[in-house]
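Have a look at the structure below, then the notes.
No value in this document is a laboratory result; all are computed from the given coordinates. Because the structure is a prediction, the values reported are computed rather than measured. Here the Cβ positions follow ideal geometry from the backbone for every residue, glycine too, while neighbour counts run over all protein chains shown.
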Amino acid sequence: MLKIGLLGCGRIGQVHAASIAHLDGVALTAVADAFPEAAQALADKSGAKVMDADAVITSADVDAIIIATPTDTHYGLIHAAARAGKAIFCEKPVDMSADRIRNCIKVVEDTGVPFLTAFNRRFDPNFASLQARLAEGEIGTVELVTILSRDPAPPPVSYIERSGGIFRDMMIHDFDMARFLLGEDPVQVFAVGSALVDPAIGAVGDVDTAAVTLTTASGAICQITNSRRAAYGYDQRVEVHGSGGMLRAGNMMEHTVEVANAAGFRTAPTQHFFLERYAQAYRIELAQFAQTIAKGTAMTPGIVDGLKAQMLADAAAQSLETGLPVAVAAG
C-alpha cells in the first residue's frame, strides 16, 4: 500500500484526493492546509488525518508527498520532503525561478527520491496517443507543431498578480507539451502578447493574449497561442504536421449528439474547464506515479522537465519584454 500525504486541500488538492480514492493499492493518510477548515473538510471525506505540513512530511505513515500548495511554498516543501526520503508529486510550476529549481534538482538527486512534475496533459489519452504515434513514425519527421490553449474566462486579477504571468502560469503546460511532441528541446523563443481581454490584467503587468514561436536545432517549429477568454468554452487542440502527414487531437465535447436542421449543423459545447477536460488525465497521472514508485523506474515527467518548461517560460517573458528572439540555454 502506497500511503500519500497531501499538502494543499484547495481545488487541485481535492482533484488529487478524488483520484486517490479510485486507485487500488494507494491511500490518502494525511492532509495539511494553511486553512484548517479546508483540511478538515477533505479529511472528513477521505478518512485522512489532519496534520501540519511538517508532520505530514516526517510521518512514518506517509510514503509520498503531493505538493498542491501555492508555488512560492514549493521550494521549502521539496527540500523537506526529499530530506525525509519521501517520493514527491509536485504541481507545476516547480518554482518561479529556474535557479531555485536547479537547487531543488540537486536535493532530489542527492537524496535519490522519485520526483514527478505534474504536467497532467501528458497523461491525457488523446495527447498521449498522438505522441505515441509520432514516436512510431506514423507521419514521418515532425516539422510543425501547433498548440492552441484558450480558457473560457480569465481568473481574478488577484490571482494574476501572484501567478508569475501567462507564460509561467498558463502556457507552461504548452511549453511542456511542445517538448513532449517535438522530441527535442527548442533553442530559440519569440513571443508577442497583448492585454485584450481585461485592461486590469495589463495594468498589473501581464498579458491575456499571447503567441509564441519555438524553434529547435533541427529546424522544427512549434507555434503556441493562448487566450484567457474563449466565448465558446475551453479550447484545447493540438496539430502536428510531419513529412508524411498530419496528426490532430481536437476538443472534448460535453456529448457527441449533433443536430442538423435548416439553420445548419450544431454540436455540443466543449467541456467546461480543465477539471472536466482533464479528469481522466489526473487519474492516470497519479496511477502512473504510484506504479513507477512500485517498479523503481524513472519518473516522467521529472523535475528536469519542470526546469526545461520554466526556462522556456522565462525566455518567452524576456522576448515579450525586448521584442527580440531569445536563445535558450541547454540546462
Summing +1 per Lys or Arg and -1 per Asp or Glu among the other residues with Cβ less than 13 Å from A30's Cβ gives -2
Among beta bridges that DSSP assigns inside the chain, antiparallel share in %, nearest 5: 55
Out of A84, A231, A153, a Gaussian network model of the chain with alpha-carbon springs under 10 Å gives the largest mean-square fluctuation to A231
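Give me the percent relative contact order of the range 2-113, please, defined on Cα pairs under 8 angstrom at least 6 residues apart.
25
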Sorted by chain and then number, the residues having a modelled amide H within less than 5 Å of the amide H of D198, at least 5 places away or on another chain, are none
Rounded to the nearest 10 degrees, the helix 98-111 long axis (Cα) sits at an angle to the longest Cα principal axis of the chain of 40
When the chain is treated as a Gaussian network with springs between alpha carbons less than 10 Å apart, the largest mean-square fluctuation among A118, A316, A34 is found at A34
Among G112, G306, G193, which one moves the most in a GNM of the chain with springs linking Cα atoms closer than 10 Å? G112
So, in nm, how far is label V259 from label E161 when the simple model puts each one 7 Å beyond its Cα toward the Cβ? 4.4
In nm, spacing of pseudo-spin labels at E136 and T300 (7 Å Cα→C-beta vector): 1.6
Acute angle (nearest 10 degrees) that the helix 125-135 long axis makes with the longest principal axis of the chain, alpha-carbon atoms: 70
Karplus ³J(HN,Hα) for the range 259-265 (6.51 cos²θ - 1.76 cosθ + 1.60, θ = phi - 60°; Hz, whole; x = Gly/Pro) runs 10, 10, 8, 4, 7, x, 9
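What 222 nm value per residue comes from the helices of the chain, counting each DSSP H run with n ≥ 4 as -39,500 (n - 2.57) and dividing by all residues, nearest 500 deg cm²/dmol? Please list the in-between numbers first.
Details: 13 runs with 131 residues, N = 331.
Calculated mean residue ellipticity at 222 nm is -11500 deg cm²/dmol.
Between L275 and K3, how high is the FRET efficiency from 1/(1 + (r/R0)^6) when r is the Cβ-Cβ distance and R₀ = 25 Å? Nearest 0.05. Please list the in-between numbers first.
Working: r = 25 Å, r/R0 = 1.02.
About 0.45, to the nearest 0.05.
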First select every other residue whose beta carbon is under 13 angstrom from the beta carbon of D72; then total the charges, Lys and Arg +1, Asp and Glu -1. -1
I'd like the orientation of helix 11-21 relative to the chain: the angle between its Cα long axis and the longest Cα principal axis, in ° from 0 to 90, rounded to 10. 70
Under the rule of at least 5 residues apart or a separate chain, name every residue whose amide H is placed under 5 Å from the amide H of F115. I88, M299
Using only the Cα atoms of the range 2-113, what semi-axes does the equivalent ellipsoid have when each is the square root of 5 times a gyration tensor eigenvalue? Give whole Å, largest first. 22, 15, 12
What's the lysine pair count for the chain at a Cα cut-off below 28 Å, pairs eight or more apart or interchain? 20
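Tally Lys/Arg at +1 and Asp/Glu at -1 over every other residue whose Cβ is under 11 Å from the Cβ of A200; what's the total?
Charge balance in the 11 Å sphere: -4.
For the pair R11 and A203, what calculated FRET efficiency results from E = 1/(1 + (r/R0)^6), where r is the Cβ-Cβ distance and R0 = 30 Å, to the nearest 0.05? Let's see the in-between values first.
Values: r = 26 Å, r/R0 = 0.86.
That gives a FRET efficiency of 0.70.
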